[in-house]
Every structure is written in structure tokens, then in C-alpha cells.
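Chemist: Take a look at this one; I'll ask things after.
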Amino acid sequence: MNKKSIVRALAGIMVAATLLSGCGAKEEKEKIVIAYAPNESTEESADARAGLAKDLEEALGVEVEEIQASDYNAIVEALRTGKADAAYIGALAIAYASDRAEAIPVAMKAPDRDRSQAVYHSLLITSGSRDDINTIEDIKGKTIAFVDPESTSGNLFPTYEIIKAFPDENLTSDDLHTNGKFFEAASYSGKHQAGLQAVIRGDVDVVPISDQILQSEIANGNAKEEDIKIIHESEAIPAEGFVVSKSMSDELREKFQEFLVNYENEEYFGKVIKVPNARFIEASIEDYQIVIDLNNTLDTEE
């Protein structure tokens, strides 16, 4: 082979190598779209969410857009299809997003950045005026409004807690969500705040709610302590957190995570995250393994 042929061959190899390496490369984002669930998309939280978006734009040098999803399933689908690059969601939705969309957990909330406190609880509540419902054992035959099929504290954990409280009934998740099988009627409210108001009005007998959302609603004047009665508290649940899509580059994901774990906007944590003294700490899918296992257990029992 002469010198010109060798040069042409080498050039071809270099071009081919460049094209092959580009096939697996992740394009840098010009805009990051963050999805929030209905619980975090309230009027009280709009300005605080916008504050994080602005701060994130300055830190990463890219445009940041916020979207409000109709429910958790919509967020998982948005992550899967590339319509969202990041999302702040609950533990069960994180498990689903990891499985269905290969989303990656990067941060979770923790009061005072204390990992041991990176938990919350699901409460079962009824109207404060009800004398016939005082414990979880009193809810059989009543009406209930779960929050969302993919809500951790609004569906998964209350379902598990109710099954555990009635061992002789041999209940399944399907039993609890079918009218007339255990409850007189079972429905979904769509968001914790809607369920809270429904039980206060007397539209339903019992609803599950995140303890932190309940505290926030009372603090914001949307409910009074005497309006409701807590009849059961669940075991500890891994805190909500941020996930990013699989299409985000490693470099951008690391920068996004670094921004979150160093973020100090108390208004954001008070109004959006619902815990004023909370901050973000690093997270991985292992932090949510208890939720994955519990969900798999309930699915198996169907």
C-alpha cells in the first residue's frame, strides 16, 4: 500500500471511530424540564418553585422549565419519553420511574441533612366530628379516598397497613380498591390536599395523607387541627426525592446533584418540600429498596 492509500485508510478509520463514539454519546441539554406532582404544585408553592428554577438556571447555565403533571403515572411516562428531564416524586413513583424509565435517583429530603430523618409517615384520618371511627379497626364498611395509584403514602403504605390490621380477612390490594369488598366505596382523590378537604366536608369517611402535607396544610390555614382525627400512623417511609432521566449526561447529572445537596432556599423547602428545616442529601435506588420490596409483595398477593 502506498503512502496516499495509508493516509486515506487512517482517515477513514478516524471518521468511523468518531461516528461510532457519537452514537453512544448523550447530547448536552439546552433546557431542563422538571416535573412536579400535584401535591407540590399548589398556589402557595408556585413562587418558591420558580425560585429554584431561576437558581438552577444560573448554576448550570441552561434554561429550566417546570411542568405540573396530572398524576404520578404521567411523570413516569414523561421521564420515559423524554418530555421531562427530572422530577420530584414520592418513593413508590421513584421505584416505578427506575423500573419503567430507567430514571436515576440523585437526592432525597432530610431534615437538617440528617439521613436518619429522611423518612415520613402515612396517616389515616377521619373527620374530627366522627365518634364512630377512632382506630384503624373501625374503618371496615366505611368509604375511603386513596390519593393516587402510584402514591406511596396515599396508596401503597395505607394499603399495606390496612391488610396488616385485618389478618383474619385475608385481604388483597384489589379487595381494598373494589367497592363493596371491604369498604363500602373506594376511590382516588388525586392529591393529598383534595382528600383532606373531602374528609373534612364529610364526603368520605377516611383518607390517607402524608404527615408532612397535613402539617403544612394546617400551618397554611387550609385546615384546623380540630377538623380531623388521626386514627393510624404507618411505619417509616423513605422520603420523597429528585430523579433524573437516563438521557441526562453524567456531567450534567453530577452538577444537578451538587446543586441540590447544597441548596439553601428555606422558602422552597417550606412551601414545596413541606419541611422548612429540610435540605437535600445524596440518594440512590438502594434508599428505596423497602418500597420496591413492599410493592412487589402486594403485587404477588393479588
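The values are calculated or read from the model by the stated rules, or taken from the named source; none is laboratory data. Please read these numbers as outputs of a predicted model, since none were measured by experiment. Quick reminder, even Gly has a Cβ in these numbers, built from the backbone with ideal geometry, and neighbours come from all protein chains shown. Quick note on the areas: whole protein, heavy atoms, side chains included, nothing else; ligands and nucleic acids left out. Shrake-Rupley method; radii C 1.70, N 1.55, O 1.52, S 1.80 Å.
Chemist: Tally time: how many residues in region 253-278 are within 20 Å of Ile213 (Cβ to Cβ) and touching a helix residue (DSSP H, G or I) at 6+ places or on another chain (Cβ under 7 Å)?
Modeler: Within region 253-278, residues that are within 20 Å of Ile213 (Cβ to Cβ) and touching a helix residue (DSSP H, G or I) at 6+ places or on another chain (Cβ under 7 Å) number 9.
Chemist: Which of (1) modelled with pLDDT of 95 or more; (2) open to solvent by 20 Å² or more (accessible area, probe 1.4 Å); (3) of a type in the set (Gly, Ala, Ser); (4) over 20 Å from Tyr72 (Cα atoms) is the odd one out, the single condition Ser187 does not satisfy?
Modeler: Failing condition for Ser187: (4).
Chemist: Follow-up. Looking at region 185-198, is at least one residue closer than 13 Å to Gly154 by Cα and of a type in the set (Phe, Trp, Tyr)?
Modeler: Yes, there is a match, as at least one residue in region 185-198 is closer than 13 Å to Gly154 by Cα and of a type in the set (Phe, Trp, Tyr).
Chemist: Here's a follow-up. Here are Ile200, Ile213: which of them is modelled with pLDDT under 95 and β-branched (Val, Ile, Thr)?
Modeler: Every option except Ile213 fails the conditions.
Chemist: Go through (1) at pLDDT below 95; (2) over 20 Å from the mean Cα position of the chain (by Cα); (3) farther than 21 Å from Leu260 by Cα one by one and return the number of the condition Ser129 breaks.
Modeler: Here Ser129 meets the rest and fails (1).
Chemist: Output yes when any residue across region 196-213 is assigned to a helix (DSSP H, G or I), of a type in the set (S, T, N, Q), within 29 Å of Gly128 (Cα to Cα) and touching a Phe, Trp or Tyr at 6+ places or on another chain (Cβ under 9 Å), and no when none is.
Modeler: Yes, that holds for at least one residue.
Table: residues versus (1) closer than 23 Å to Asp287 by Cβ; (2) among the charged types (D, E, K, R); (3) touching a helix residue (DSSP H, G or I) at 6+ places or on another chain (Cβ under 8 Å).
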residue: Ala93; (1), (2), (3): yes, no, yes
residue: Pro111; (1), (2), (3): yes, no, yes
residue: Asp114; (1), (2), (3): yes, yes, no
residue: Ile125; (1), (2), (3): no, no, yes
residue: Ser129; (1), (2), (3): no, no, no
residue: Ile133; (1), (2), (3): no, no, no
residue: Pro158; (1), (2), (3): yes, no, no
residue: Ile163; (1), (2), (3): no, no, yes
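Chemist: Let me ask another. Determine which single condition Tyr160 fails, assuming it passes every other condition in (1) open to solvent by less than 10 Å² (accessible area, probe 1.4 Å); (2) within 19 Å of the chain's Cα centre (by Cα).
Modeler: If we test Tyr160 against (1) open to solvent by less than 10 Å² (accessible area, probe 1.4 Å); (2) within 19 Å of the chain's Cα centre (by Cα), just (1) comes out false.
Chemist: How many residues, within region 71-125, are open to solvent by less than 20 Å² (accessible area, probe 1.4 Å), part of a loop (DSSP other than H, G, I, E, B) and within 30 Å of Glu137 (Cα to Cα)?
Modeler: Of the residues in that region, 2 qualify.
Chemist: Just to verify a result, which residue in region 265-279, among those that are part of a loop (DSSP other than H, G, I, E, B) and touching a strand residue (DSSP E or B) at 6+ places or on another chain (Cβ under 7 Å), is surrounded by the most Cβ atoms within 10 Å (Cβ to Cβ)?
Modeler: The extreme case among them is Ile273.
Chemist: Return the residues of region 280-302 that are surrounded by 14 or more Cβ atoms within 10 Å (Cβ to Cβ), in a loop (DSSP other than H, G, I, E, B) and not small (Gly, Ala, Ser); say none if nothing qualifies.
Modeler: Listed by number, the list is empty, since nothing qualifies.
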